[in-house]
């Protein structure tokens, strides 16, 4: 008997087979960004601002210098929580208990670092102190701003990275992780610098008053620009074959 000829590759079939994987990757990348935009939509639709009638218990997270100067940081926290949830729920070697435990602990520590004792927590205070000291030592304003954004990004990214590994990453140390971590830090540094420009770009005085529709649109664009490099980088990392 003559052997059957090998089947020819079907480019169309290959494309169809890869579509679900590409769609899942797109949803994985866009999930944290969509969570930010959803939170922004809720804030805009409800008119939430410092003029709203709020319980006394939540006032420390609505008022204060950092709430007025860096208001988009609240959406960065939403992004961080969604990113941790994405990692914990995604493919990986961790058990169900490990995913839940370290995912929840990571979320709690991120909120604590970003909101205690008031809005901004130690994350924005570290950035402000670093940038302020650089400016007081006669560094250029752009350099002081960049150093402050880097300090805030280092704390924010350190929490995300540590608990992403704890929740659903191999625990064996790998040299490649240092390069991945450095790249993740650079993308978060860029994002921190971008969201800090909210007031400087004249996008409105929120949270002193409610966001208007056009201001919300510009804020959404700013959030997408800030988060997209990190979201894309972490998604591409998941697509690489395990070594």
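The values are calculated or read from the model by the stated rules, or taken from the named source; none is laboratory data. Predicted, not measured: the structure shown is a model, and the values here were computed from it. Counting neighbours? That spans all protein chains shown, and the Cβs are built from the backbone with ideal geometry, glycine included.
Brief remarks on what is shown
- Applying the criterion of being under 14 Å from the mean Cα position of the chain (by Cα) and crowded, with 18+ Cβ neighbours inside 10 Å to the residues of the range 197-226, the residue that is farthest from residue 158 (Cα to Cα) is 222.
- Take the conditions (1) under 21 Å from residue 193 (Cβ atoms); (2) at pLDDT 95 or above; (3) out of contact with any helix residue (DSSP H, G or I) (no Cβ under 6 Å at 6 or more places or on another chain); residue 38 misses just one of them, which is (1).
- Residue in the range 152-170 that is outside any helix (DSSP H, G or I) and over 24 Å from residue 40 (Cβ atoms) present: yes
- Some residue of the range 94-105 being free of Cβ contacts under 8 Å to residues at least 24 places away in the same chain and under 20 Å from the mean Cα position of the chain (by Cα): yes
- In the range 156-196, the residues that are crowded, with 22+ Cβ neighbours inside 10 Å and farther than 18 Å from residue 229 by Cα: 163, 167, 168
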